[in-house]
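The values are calculated or read from the model by the stated rules, or taken from the named source; none is laboratory data. Given the structure is predicted, the values throughout are model-derived calculations rather than measurements. In this analysis, Cβ positions are derived from the backbone assuming ideal geometry, glycine residues included, and neighbour counts consider all displayed protein chains. Keep in mind that these areas ignore ligands, DNA and RNA; they rest on the heavy atoms of the full protein, side chains included. Shrake-Rupley method; radii C 1.70, N 1.55, O 1.52, S 1.80 Å.
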Amino acid sequence: GAVVSQHPSWVICKSGTSVKIECRSLDFQATTMFWYRQFPKQSLMLMATSNEGSKATYEQGVEKDKFLINHASLTLSTLTVTSAHPEDSSFYICSATGSHPGGNGYTFGSGTRLTVV
Amino acid sequence: LAKTTQPISMDSYEGQEVNITCSHNNIATNDYITWYQQFPSQGPRFIIQGYKTKVTNEVASLFIPADRKSSTLSLPRVSLSDTAVYYCLVGLSGGSYIPTFGRGTSLIVHP
């Protein structure tokens with residue numbers, strides 16, 4: 001089945017530094033990837049949608065200069081949290097869709113727990 | 001995009017059947033209904049998808065009435081490991097919509 005690998009699974013960084021999260025589709029070409037953020041006891045909130053080779057489309061209220069998304073290939077998208085602050089601490093999840101080998105069309109990564117200290 | 005409404009939480013006991021209902025009154029003609037399961041600190045996992053009537057796989061059944069304004073996820077004989085949050089999503093099949101998550105239903109299975 002379709003597999004999306006997300007790394008790292010957790011990261012702790014100092015305030016003011018940048019953190020990069022990778023999302024890879026292992027066995028299919030991901031034409032579109034989605035990035036979500038999830039705070040404790042809350043649902044997934046869509047941050048942005050990215051199509052391979054195009055600029056990401058950000059949801060209202062999400063700072064595109066702070067959350068840099070790159071989708072340069074059909075198998076890799078990255079989310080960089082720039083100048084991270086404690087309020088950016090959250091659980092970040094990617095999802096990919098494309099030439100899926102079966103399934104419902106969407107596969108989610110395992111998530112990245114970001115803690116900014 | 002069709003909005004969904006689910007109970008915030010449910011409790012059950014091991015071995016019981018659990019039915020979680022989702023309301024989607026403004027579902028569009030071409031929309032499918034998809035359910036996901038999410039454990040703490042993990043990404044959502046696909047459970048089942050359907051368009052109408054009944055769909056069954058190895059882990060769950062999905063019941064959809066004729067008017068398609070609601071759907072029910074049925075988990076037979078739940079175990080402690082079924083404790084999770086369950087999300088109902090509505091949209092086009094085949095990866096042609098943006099998965100938007102509602103609040104989901106937190107299911108707690110007790111011994």
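Scanning segment A:35-78 for residues that are of a type in the set (Gly, Ala, Ser), within 11 Å of chain B (Cβ to nearest Cβ) and under 11 Å from the mean Cα position of the chain (by Cα) returns a single hit, A:Ala48.
Within segment B:80-99, residues that are over 23 Å from B:Asn26 (Cα atoms) sit with their Cβ atoms under 8 Å from residues that are small (Gly, Ala, Ser) and part of a loop (DSSP other than H, G, I, E, B), at 6+ positions apart or across chains, in these pairs: B:Val85/B:Gly104. Scanning segment B:54-111 for residues that are touching a helix residue (DSSP H, G or I) at 6+ places or on another chain (Cβ under 8 Å) and either within 27 Å of A:Thr32 (Cα to Cα) or open to solvent by less than 40 Å² (accessible area, probe 1.4 Å) (or both) gives B:Leu75, B:Leu107, B:Val109. In segment A:22-34, the qualifying residues are those that are of a type in the set (Ser, Thr, Tyr) and within 13 Å of the chain's Cα centre (by Cα), and the one that is least open to solvent (accessible area, probe 1.4 Å) is A:Ser25. From the list A:Val81, A:Val19, A:Val116, which one is at pLDDT 95 or above, over 15 Å from the mean Cα position of the chain (by Cα) and open to solvent by less than 30 Å² (accessible area, probe 1.4 Å)? From the options A:Val81, A:Val19, A:Val116, the qualifying one is A:Val116. So, in segment B:22-36, exactly how many residues are open to solvent by less than 10 Å² (accessible area, probe 1.4 Å) and within 14 Å of another protein chain (Cβ to nearest Cβ)? Final tally of qualifying residues: 5.
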